[in-house]
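I have placed the structure first, in the form of structure tokens, so that the comments after it can refer back to it.
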Amino acid sequence: MRHIVHPLWRHRLMPLLVVLQVALACAIACNVLFLLQQRLVPLLTPDGVAEPNQLIVAWQLVSRGQPWPASRLLEAEAALHAVPGVSAVSVAGSLPMETSAQMNGDVIGDGTGRRANTAVYIGDHLTEALGLRLLAGRDFSASERDVHYKSVGLDDSGPTIITRALAERLFPGGDALGKVIRIGDDANAGRRTVIGVVEHLMRNKFSQDNRDDIDYSMLFPGIPGMWPMPVFAVRTDGAEVAGVRKAVQATLQRELGAELVEGIDPNYQTYAEMREQMLARFKASVWLLAGVSVVVLVVTLAGIMGLTSYWVQQRTRQIGVRRALGARRSHILRELQLENLLLVGLGVLLGLCLAYAINLWLMRHYELTRLPWTYLPLGALVLLSLGQLAVLGPALRAAAVPPVVATRAA
Amino acid sequence: MFGYYLRLALRRCRQNLPMLSLLVLTMAIGVAACMAALTIATTLSGEPLPGISAHLYVASMDAHEPGDRDNERQAVPDSYLRLSDAKALVDTGRARQQAALAQSLQQVGNPDGRQSDQVMGLMAYGPLPDMLGVALRHGRSWMPAEQSSRAPVVLIDADLAQKLFGTDDAVGRNVAMGKHVYRVIGVIAPWSPRMQFLDVSRNLGSVLGQNEQFFVPVEAALDGGVGPLTSGECSKDAAVVSFQSAEVGQCRWLEVWLALDGTAAVADYQRFLFGYAQAQHDAGRFAHPPQARLYDASGWMTANHVVPDDVRLNVMLAGAFLLLCMINVAGLLAARFLRRQADVAIRRALGASRRQVFAQHLIETGLIGLIGGLIALPLTWCGLWIVRQQPVSYAVAADFSGMVFAGLLLLSLAVGLVVGILPAWRICRLPPALQIKQA
């Protein structure tokens, strides 16, 4: 070991630059990959909506002045039902991917006391219209759907259907059916009894880090009261989606068009289009961050390669001498690889500390979350293999130095 | 000497082209990433209204009343007040100037209805156009008497005047807005702040300033059914939020902005504001301790994340990346220089001083930096183009300009020189005799 460390110490500049470079690259890569993972969450998580191309969503219907009363929305819903090719319709307060109208809040599992921030979707036929997969329990009954809320509905008690992820969060290890969820800390907060559990339903509030709570959603039956931005989810039978969409637009314009806010135009899209549009910025930043990571790693690779080949070239004569004294090619190769491992390892160690420090600083000043420790060994592994890759070429060249070099004047 | 060293540097650059291209490319990528991020960040920083917003402050307090819908205590209070509180603060007149405001989106047309346009504007109580330094092309702003008598008057901007009447000078004409007709008493030059800092929650997601095309006294506006874009938070029996409604008597929807000069005036007003809010709380009107406080314009923008965090995070990421590239280039340069130890030793033996050797190598790295800058130019342009294609609110800020070009060349020259210091210092310190002997 001494014969590796000693020359590194005597010629400090080159090894120092390698260590610095690796440390910085490691710190950047860990943090960027962490951001990248967070950005991937909404793209990779299933949203629970079946056949997104056959679901038409009418959203950004904003009422001018007072919100439409539930009776008006039900009339519009009935009119949509009459459109040929429509198999299910639901009015709702908001939907997955509809971020301009959101209902979110902290809820507490009664008995367990566990809390979660969840999205609430209030609508009369949402399970059917969205095509959610019920895993346990039942859908809302006709009488439950018929509820009339004086206010939005968040403070009222009644039944609820929740996602499996939320069920496991609030009632770990147990059966959530029949349990009660309190909607907020208030003494007279609404109490919702779980009657069904669905496989997935994505929330519509995206924040910096949705890794844990992306699938926390609750469904309430009925139509939100005093709600100025209702949404219509219209499930088609699959044929002539474009035609149905036109009919949906015409129907809603006829029913509600006169009371729409001027200057904000409603959207009539398939759910697939809406999803594409809403996730575009996540896709864009995934590409950006992936590009940054690749460039960082390539630059580091090139840097280590350049420095090592110079370092090897400098020592051609010494290598020749060692070969003449009986060192095998594999010895030279191993030594250079070990040397690189030492330097990169030191860099990685520094880099991991730096990555953690940067993360702490970012957490304090921006709304970022803690870097999971799993990133540290991962980042170390990536950079150590990168270092080995970079040293391979120069090391092979060094191993090929013939012993006769030792006899020549340099 | 400079010219000679430059010629030498050029000659050397031609000698080892693969190495040179690696150096230059690494530097160019780092500089381009940094420049693209900096361009966006500088466009989105600084004063939203140069020369004016530095003196502007907004009042914030927890003005929730016991009957409000959402009655939780605010950790950090917002700036929205009921009309009565806004009027009380403005009428007290403790600041140099003060006005309350709210953004509105309206269909404004000429009375016969032949021409109309959907425009953003501000509803105001107090001398708002004057306080914001809005330039008048024709006519005047409203008088206190007009404001208190609820006279239906309005200021429109020159673009709207052109569109509705075919002329800039629309003073004296009437426009239809809401249910009433308003008399145009002034025409302003088209006005928008650099960034949106007024009434940030009604900005519809824009970072860059809204073009405010009309200014109307608030009570005359409400009389004619002209309300704010959204109602803000209202009492329990009203909708969660309503749009374009003039029924906002039970809502908190106006912001009060103040023009204050000097820290003494700010501290004084802060005390006054605190006293006002506390008195409301003590009287049982405000449900929670009001935590009244003044924010300056830029502090308010920061507190409300008007400029997305991404912008500054990207600058830091790009900065870290440039640093990585610089360390990388410094290493490669050191290797490049040290390969020529023998040449340098001979020059030193022939009488060149350390300083001359240092200068020679620094000129070489400066040259490499400049070449890197030239290559970074298309890369930066390309990077900004990519940002403009992205679905982000600040995409329009990614604009390539002459300033960017100048900044780019300066940055790359500086980077080239900084990066060269270590290798050049290393090589000029080598003792000449030893090197010649080894060679």
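Compared with the dominant Cα axis of chain A, that is its longest principal axis, helix A:375-399 is turned about 30°. To the nearest ten degrees, helix B:2-15 and the longest principal axis of the Cα atoms of chain B are 80 degrees apart.
The phi-based Karplus calculation (6.51 cos²θ - 1.76 cosθ + 1.60; θ = phi - 60°) puts the 3J(HN,Hα) values of the range A:116-131 at 7, 8, 10, 8, 10, 10, 9, x, 8, 9, 5, 4, 6, 5, 7, x Hz, whole numbers, x for Gly and Pro. Of all the options A:271, A:310, A:121, the one that moves most in a Gaussian network model of chain A with Cα springs shorter than 10 angstrom is A:310. Between residue B:153 and B:183, the built amide H atoms are under 5 Å apart, and every one of these is 5 or more places off in sequence or on another chain. Taking every DSSP helix (H) stretch of at least 4 residues in the protein assembly as shown, weighting each as -39,500 (n - 2.57) and dividing the sum by the residue count yields a mean residue ellipticity at 222 nm of -16000 deg cm²/dmol. Among A:140, A:171, the ranking by other beta carbons within 10 Å of each residue's beta carbon, starting with the fewest, stands as A:171, A:140.
Give me the Debye-computed log₁₀ of I(q)/I(0) at q = 0.07, 0.08, 0.10 Å⁻¹ for the protein assembly as shown, equal point scatterers on Cα only, no solvent, two decimals. Once normalised to I(0) and log-transformed, intensities are -0.72, -0.88, -1.15. Straight-line reach from residue A:283: which lysines fall under 28 Å, measuring Cα to Cα and dropping same-chain residues less than 8 apart? Here the lysines satisfying the reach criterion relative to residue A:283 are A:205. In order along the range A:181-190, phi translates into HN-Hα couplings of 10, 8, 8, x, 8, 4, 4, 9, 5, x Hz, rounded to whole numbers, per the Karplus curve 6.51 cos²θ - 1.76 cosθ + 1.60 with θ = phi - 60° and x for Gly and Pro.
When both the range A:202-231 and the range B:333-355 are represented by their alpha-carbon centers, they are found 69 Å apart.
Could you list the square roots of 5 times each eigenvalue of the Cα gyration tensor of the range B:53-303, that is, the equivalent ellipsoid semi-axes, sorted largest first and rounded to whole Å?
Sorted largest first and rounded, they come to 30, 20, 16 Å.
Ordering B:179, A:205 from the fewest to the most neighbouring beta carbons within 10 Å gives B:179, A:205.
What aspartates and glutamates does residue A:179 reach when the alpha-carbon gap must be under 14 Å and sequence neighbours fewer than 8 apart in one chain are set aside? Result set, ordered by chain and number: A:110, A:168. Of the residues A:228, A:111, A:253, the one whose Cα sits farthest toward the positive end of the charge dipole of the range A:61-265, with +1 on the Cβ of Lys and Arg and -1 on the Cβ of Asp and Glu, is A:111. Our summary gives chain B a relative contact order of 26 percent, counting only alpha carbon pairs under 8 angstrom and 6 or more residues apart. In loop segments of the range A:85-147 as defined by DSSP, the trypsin sites (Lys or Arg not before Pro) with at most 15 further C-beta atoms inside 10 Å of their C-beta are A:114, A:133, A:138. Within the range A:304-410, the GluC sites (Glu not before Pro) that combine a DSSP coil assignment with at most 13 other C-beta atoms in a 10 angstrom radius are A:367.
Between the alpha-carbon centres of the range A:349-410 and the range B:117-134 there is a gap of 58 Å. The HN-Hα couplings worked out from phi for the range B:249-258 by the Karplus form 6.51 cos²θ - 1.76 cosθ + 1.60 (θ = phi - 60°) are x, 9, 10, 9, 9, 10, 9, 10, 10, 10 Hz, whole numbers, x standing for Gly and Pro.
Starting from the range A:1-108, pick out the trypsin sites (Lys or Arg not before Pro) whose DSSP state is loop and whose Cβ has at most 13 other Cβ atoms within 10 Å.
A:12
In the range A:290-410, the alpha-carbon atoms span a convex hull of 105 Å³ per residue.
Here is the size of chain B from its Cα atoms: Rg then Dmax, 30.6, 99 Å.
Counted by Cβ distance under 12 Å from residue B:209, the other residues give a net charge of -2, where Lys and Arg count +1 and Asp and Glu count -1.
Result for chain B in a Gaussian network model with C-alpha springs under 10 Å: among B:336, B:114, B:202, the largest mean-square fluctuation is at B:114. For chain A, a simple Cβ point-charge model (Lys and Arg +1, Asp and Glu -1, everything else neutral) yields a dipole of about 3380 debye relative to the Cα centre. The mean sequence distance of close C-alpha pairs (under 8 Å, at least 6 residues apart), as a share of the length of the range A:61-265, puts its relative contact order at 36 percent. In a reduced charge model with +1 at each Lys and Arg Cβ and -1 at each Asp and Glu Cβ, the range B:65-188 shows a dipole moment near 320 debye about its Cα centre.
When only Cα pairs below 8 angstrom with a gap of at least 6 residues are kept, the range B:129-253 shows a relative contact order of 23 percent. Cβ crowding within 10 Å ranks B:177, B:316 as B:316, B:177, fewest other Cβ atoms first.
Farthest toward the dipole's positive end in the protein assembly as shown, which of B:376, A:137, A:91, given Cβ charges of +1 (Lys, Arg) and -1 (Asp, Glu) about the Cα centre? It is B:376.
Between 0 and 90 degrees, rounded to the nearest ten: what's the tilt of helix B:83-92 against the longest Cα principal axis of chain B? Helix B:83-92 sits roughly 80 degrees off the main axis of chain B.
FYI, it's all coordinate maths here, none of it is from the lab. This one's a predicted model, so the numbers in the text were calculated from it and none came from an experiment. Heads up, the Cβs are rebuilt from the backbone with ideal geometry, glycines too, and the neighbour counts pull from every protein chain shown.
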